[in-house]
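Novice: Before I ask anything, let me first share the structure, which is written out below as structure tokens.
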Amino acid sequence: MGLTVRRLAAHGLSPVVVTRSDIEREIAEAAPSSKVLVNPSPDTGRTGTLQIGIAELDAEIGTGYRLLVAPIDRPGFSDSTLRSLVSSERTRCPEKDGRGGHPLIISADDVGRIRDSPSDVPLRDLVEPERFEVNDPLLHLNVDSPNDLIELSDSLAEL
């Protein structure tokens, strides 16, 4: 789990991790340099979770920023994909084999739309990311099992 956080930090980003209370300690240990927040209502979905992170960032830096959404269990993006996202002012996500993936950069206008929406509105109803084709073999890897970790470990050089 700390792999994604370390990779983001290596690019000068300061991750804020929003998680469930039952895994907060594990996440905090895996990402000791990050601020870890708990979503008290994870059933509100992705929008509610993002709103917790947005509220924290608003308090720290004000409004008018772009937001990079990088689920910590989706580390299969390349450094070039990350650089492309970070340099974009538009809401964008990588695409491979006709499927969108992560990370997702959200424009300042779309961050405002998320901030002002009810927490249970699906994110897909609030933003429509522009997709760009990438050649990241592990883009859709979701690290949820020991086998996923083995696949990731075998392929780290490709990231």
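Values in this text are rule-based calculations from the coordinates and carry no lab data. No experiment lies behind these values; they were computed from the predicted model shown. Quick reminder, even Gly has a Cβ in these numbers, built from the backbone with ideal geometry, and neighbours come from all protein chains shown.
Novice: Are there GluC sites (Glu not before Pro) in segment 1-109 that DSSP marks as loop and that have at most 13 other Cβ atoms within 10 Å, and which are they? Write down the numbers at each step before the final one.
Specialist: Details: sites: Glu24, Glu26, Glu29, Glu56, Glu60, Glu89, Glu95; in loops: Glu89.
Counting only loop positions with at most 13 other Cβ atoms within 10 Å, the GluC sites (Glu not before Pro) in segment 1-109 are Glu89.
Novice: Let's see if you can work this out: charge +1 on each Lys and Arg Cβ, -1 on each Asp and Glu Cβ, no other charges. What is the dipole magnitude of segment 2-158 about its Cα centre, in debye to the nearest 20?
Specialist: 340 debye
Novice: Output wanted: per-residue J couplings in Hz (rounded whole) for segment 48-59, from phi through Karplus 6.51 cos²θ - 1.76 cosθ + 1.60, θ = phi - 60°, x for Gly and Pro.
Specialist: Going residue by residue, I get x, 5, 4, 4, 5, x, 4, 4, 5, 5, 4, 5 Hz, with x marking Gly and Pro.
Novice: Roughly what would the spin-label model give for Ala59 and Ser87, points 7 Å off Cα along C-beta, in nm?
Specialist: It works out to 3.5 nm between the two label points.
Novice: DSSP loop (so not H, G, I, E, B), at most 14 other Cβ within 10 Å: list which trypsin sites (Lys or Arg not before Pro) in segment 2-66 pass both filters. Let's see the in-between values first.
Specialist: Working: sites: Arg6, Arg7, Arg20, Arg25, Lys35, Arg46, Arg66; in loops: Arg20, Arg66.
Loop-located and lightly packed - Arg20.
Novice: To the nearest 500 deg cm²/dmol, what mean residue ellipticity at 222 nm is calculated for the chain from DSSP H runs of n ≥ 4 alone, each contributing -39,500 (n - 2.57), summed and divided by the residues?
Specialist: Numbers: 6 runs with 59 residues, N = 159.
Theoretical 222 nm ellipticity from helices: -11000 deg cm²/dmol.
Novice: Highest mean first, what order results for 112-120, 134-142 on Cβ atoms within 10 Å? Before the final figure, lay out the partial values.
Specialist: Numbers: 112-120: 14.4, 134-142: 16.8.
Packing proxy ranking, top to bottom: 134-142, 112-120.
Novice: Next up: Along the positive direction of the dipole of the chain (beta-carbon charges: Lys, Arg +1; Asp, Glu -1; about the Cα centre), which of Ala9, Leu126, Pro94 reaches farthest?
Specialist: Ala9
Novice: Take the Cα radius of gyration of the chain and divide it by 2.2 N^0.38 Å, with N its residue count; two decimals is plenty. The partial results should precede the final answer.
Specialist: Details: Rg = 15.1 Å, N = 159, 2.2 N^0.38 = 15.1 Å.
Dividing the Cα Rg of the chain by 2.2 N^0.38 Å gives 1.00.
Novice: Now for a different question. With each pseudo-label sitting 7 Å past Cα toward Cβ, what's the Glu128-Ala9 distance in nm, one decimal?
Specialist: 3.9 nm
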